[in-house]
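S.K.: Quick one: this structure, given as structure tokens, is what I'll be asking you about.
The values are calculated or read from the model by the stated rules, or taken from the named source; none is laboratory data. In this text the structure is predicted, and so the values were computed from the model without any measurement. Here the Cβ positions follow ideal geometry from the backbone for every residue, glycine too, while neighbour counts run over all protein chains shown.
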Amino acid sequence: MEIRKIERIVVCGAGTMGSGIAQVAATAGYQVVQFDLNEAVLLAASQRIRKNLEKLQEKGKITQEEFQGILNKIQFTNQLTDCKGELIIEAIIEKKEAKINLFNQLITVNSPDTILASNTSSISIDAIASGIDIPAQLVGLHFFNPAPLMKLVEIIQGKETNPAIVQSMVSLVASMQKKPVICKDSPGFIVNRVARPYYLESMYLVQSGQANVEQTDKVLEAAGFKMGPFKLMDLIGLDINYSVSTIVWEDLGKPERLKPSIIQKEKIDLGQYGVKTKKGFYDYE
Ligand SMILES: NC(=O)c1ccc[n+]([C@@H]2O[C@H](COP(=O)([O-])OP(=O)(O)OC[C@H]3O[C@@H](n4cnc5c(N)ncnc54)[C@H](O)[C@@H]3O)[C@@H](O)[C@H]2O)c1
């Protein structure tokens with residue numbers, strides 16, 4: 001199937017990742033539809049993007065015209081019927097069924113050559129593809145947090161993904177001034193597979209009373225990591241990080257060394273997801 005020129009990008013989910021991806025896409029000159037079911041989340045996303053752009057303007061990185069131009073490119077909506085574009089990037093909850101369900105709804109309002117991209121951190125692209133009507137149109141497009149700052153984007157090629165779509169995503173990511181890396185569809189892809197022990201081992205250390213949260217972060221940062229594991233998990237969202245750990249663990253056959261952490265589960269059960277709920281391993285104003 002022909003690859004259409006990408007002009008309009010629909011970003012589904014306006015949370016931590018979706019709002020960042022919307023900002024990146026608008027900054028690169030694309031028209032953006034930012035969709036979320038939750039009105040309060042949409043409002044928070046528009047405020048977050050405005051604040052980020054204000055900071056860039058203060059630093060002289062963008063002009064007043066560019067600031068306004070980027071904001072004008074983003075339409076915020078809670079209506080699925082507005083979600084029409086040449087490319088759809090979903091960044092909703094890390095649950096396979098939710099993603100499949102959303103893609104199947106989006107397919108009904110888009111043409112069959114629309115590219116469907118998932119920002120999933122860990123769910124198999126083949127598993128999502130098996131639930132949708134146009135599996136060859138699906139690709140993984142894994143941005144990192146915070147999306148406006150992080151350069152890497154993993155592009156995941158599923159068994160059925162049209163290779164021309166993978167190439168089109170390589171060009172798209174480059175047009176966003178980011179670094180595309182094509183990955184196989186394996187559990188956690190590359191970064192989340194390698195990073196799992198960083199989070200898990202830190203939590204085992206604290207759970208066993210051999211170190212505390214602040215001390216572990218301090219030591220790892222002094223050792224050269226940009227963020228300690230607990231600060232990073234709070235930024236990612238404990239709910240997302242726990243889902244990713246669980247999916248990678250299950251998909252690898254439940255090895256003991258990658259078992260998800262009970263102390264993370266306890267925080268989630270208390271509704272403490274990190275920065276986004278203002279409480280996680282740390283408290284935020
Ligand atoms: N948080 C990270 O650091 C990170 C990094 C890379 C990738 N990801 C991936 O990105 C995706 C989103 O993660 P996040 O951290 O932004 O989550 P989040 O919880 O911050 O945001 C998810 C948003 O999706 C919305 N949503 C849920 N169901 C929806 C639906 N059916 N239609 C429209 N909106 C819906 C929710 O209202 C919420 O605002 C996940 O797949 C995650 O694995 C997260």
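S.K.: Being near the ligand (Cβ under 8 Å from one of its atoms) and not hydroxyl-bearing (S, T, Y) is the filter here; which residues of the range 106-145 pass it?
M.R.: Looking only at the range 106-145, we keep the residues that are near the ligand (Cβ under 8 Å from one of its atoms), and these are 118-123, 142-145.
Result: N119, I123, H142, F143, F144, N145.
S.K.: Among the residues of the range 199-248, how many are away from the ligand (no atom under 15 Å from the Cβ) and either assigned to a helix (DSSP H, G or I) or more than 22 Å from T277 (Cα to Cα) (or both)?
M.R.: Number of matching residues: 25.
S.K.: I88: over 15 Å from I9 (Cα atoms) and either out of contact with any helix residue (DSSP H, G or I) (no Cβ under 8 Å at 6 or more places or on another chain) or not aromatic (F, W, Y) (or both), yes or no?
M.R.: On the way: over 15 Å from I9 (Cα atoms): no; either out of contact with any helix residue (DSSP H, G or I) (no Cβ under 8 Å at 6 or more places or on another chain) or not aromatic (F, W, Y) (or both): yes.
No; evaluated as a whole, the condition is false for this residue.
S.K.: Only residues in the range 266-285 that are assigned to a loop (DSSP other than H, G, I, E, B) count as the first member; pair them with residues that are exposed (fewer than 12 other Cβ atoms within 10 Å of the Cβ), Cβ under 8 angstrom, at least 6 apart or cross-chain, and list the lot.
M.R.: Hits for this filter: K278/Y284; K278/E285.
S.K.: Follow-up. Among the residues of the range 71-90, how many are charged (D, E, K, R) and without any contact (Cβ under 8 Å) to a residue 40 or more places away in the chain? Explain how you work it out, then say what you get.
M.R.: If we filter the range 71-90 for residues that are charged (D, E, K, R), which is where we start, we get 73, 82, 84, 86, 90.
Cutting the leftovers down to without any contact (Cβ under 8 Å) to a residue 40 or more places away in the chain gives us none.
So the answer is 0.
S.K.: Criterion first (of a type in the set (S, T, Y), out of contact with any Ser or Thr (no Cβ under 9 Å at 6 or more places or on another chain) and buried (at least 20 other Cβ atoms within 10 Å of the Cβ)) does T120 satisfy it?
M.R.: Values: of a type in the set (S, T, Y): yes; out of contact with any Ser or Thr (no Cβ under 9 Å at 6 or more places or on another chain): yes; buried (at least 20 other Cβ atoms within 10 Å of the Cβ): yes.
Yes, satisfied.
S.K.: Please work out which residue is farthest from K73 (Cα to Cα), limiting yourself to the range 1-33 and to residues that are part of a helix (DSSP H, G or I) and aliphatic (A, V, I, L, M). Full working, then the answer.
M.R.: Taking the range 1-33 and keeping what is part of a helix (DSSP H, G or I), we get 16-27.
When the remaining residues are screened for being aliphatic (A, V, I, L, M), the result is 17, 21-22, 24-26.
Values: M17: 18, I21: 13, A22: 10, V24: 11, A25: 9, A26: 6 Å.
In this case the residue turns out to be M17.
S.K.: Which residues, counting only those in the range 94-104, are surrounded by fewer than 17 Cβ atoms within 10 Å (Cβ to Cβ) and either touching a residue at least 40 places away in the same chain (Cβ under 8 Å) or near the ligand (Cβ under 8 Å from one of its atoms) (or both)?
M.R.: K95, A98, N101, listed by residue number.
S.K.: Within the range 59-67, can one find any residue that is of a type in the set (V, I, T), part of a loop (DSSP other than H, G, I, E, B), surrounded by fewer than 22 Cβ atoms within 10 Å (Cβ to Cβ) and away from the ligand (no atom under 16 Å from the Cβ)? Steps first, please.
M.R.: Here is the first cut: in the range 59-67, the residues of a type in the set (V, I, T) are 62-63.
Now drop any that are not part of a loop (DSSP other than H, G, I, E, B), which leaves 62-63.
Filter once more, so that each one left must be surrounded by fewer than 22 Cβ atoms within 10 Å (Cβ to Cβ): 62-63.
From what's left, away from the ligand (no atom under 16 Å from the Cβ): 62-63.
Yes.
S.K.: Just one of D113, D133 is modelled with pLDDT under 95 and not β-branched (V, I, T); which is it?
M.R.: Details: D113 fails: modelled with pLDDT under 95.
Matching residue, one of D113, D133: D133.
S.K.: Return the only residue of I125, I182, I190 being under 17 Å from the mean Cα position of the chain (by Cα) and surrounded by 23 or more Cβ atoms within 10 Å (Cβ to Cβ).
M.R.: Of I125, I182, I190, the one residue that is under 17 Å from the mean Cα position of the chain (by Cα) and surrounded by 23 or more Cβ atoms within 10 Å (Cβ to Cβ) is I125.
S.K.: Suppose we filter G18, G29 for residues that are farther than 24 Å from K95 by Cα and either in contact (Cβ under 8 Å) with a residue 40 or more places away in the chain or not assigned by TED's automatic domain parsing to the domain that holds N101 (or both); which single one remains?
M.R.: On the way: G18 fails: farther than 24 Å from K95 by Cα.
Going through G18, G29 in turn, just one is farther than 24 Å from K95 by Cα and either in contact (Cβ under 8 Å) with a residue 40 or more places away in the chain or not assigned by TED's automatic domain parsing to the domain that holds N101 (or both): G29.
S.K.: Could you tell me which numbered condition L37 fails, if it satisfies all but one of (1) out of contact with any Leu (no Cβ under 6 Å at 6 or more places or on another chain); (2) within 23 Å of L141 (Cβ to Cβ); (3) surrounded by 15 or more Cβ atoms within 10 Å (Cβ to Cβ)?
M.R.: Going through the list (1) out of contact with any Leu (no Cβ under 6 Å at 6 or more places or on another chain); (2) within 23 Å of L141 (Cβ to Cβ); (3) surrounded by 15 or more Cβ atoms within 10 Å (Cβ to Cβ), L37 breaks only (3).
S.K.: Can you spot a residue in the range 85-92 that is small (G, A, S), in contact with a strand residue (DSSP E or B) (Cβ under 7 Å, 6 or more places away or on another chain), assigned by TED's automatic domain parsing to the domain that holds A147 and at pLDDT 95 or above? Spell out the reasoning first.
M.R.: Restricting attention to the range 85-92, the residues satisfying the condition of being small (G, A, S) are 85, 91.
With the extra rule that they be in contact with a strand residue (DSSP E or B) (Cβ under 7 Å, 6 or more places away or on another chain), the set shrinks to 85, 91.
Still in the running and assigned by TED's automatic domain parsing to the domain that holds A147: 85, 91.
Among the residues that remain, those that are also at pLDDT 95 or above are: 85, 91.
Yes: the range 85-92 contains one or more residues that are small (G, A, S), in contact with a strand residue (DSSP E or B) (Cβ under 7 Å, 6 or more places away or on another chain), assigned by TED's automatic domain parsing to the domain that holds A147 and at pLDDT 95 or above.
S.K.: Evaluate the following for E39: is it over 29 Å from I190 (Cβ atoms) and more than 16 Å from the ligand (Cβ to nearest atom)?
M.R.: No: the conditions fail for E39.
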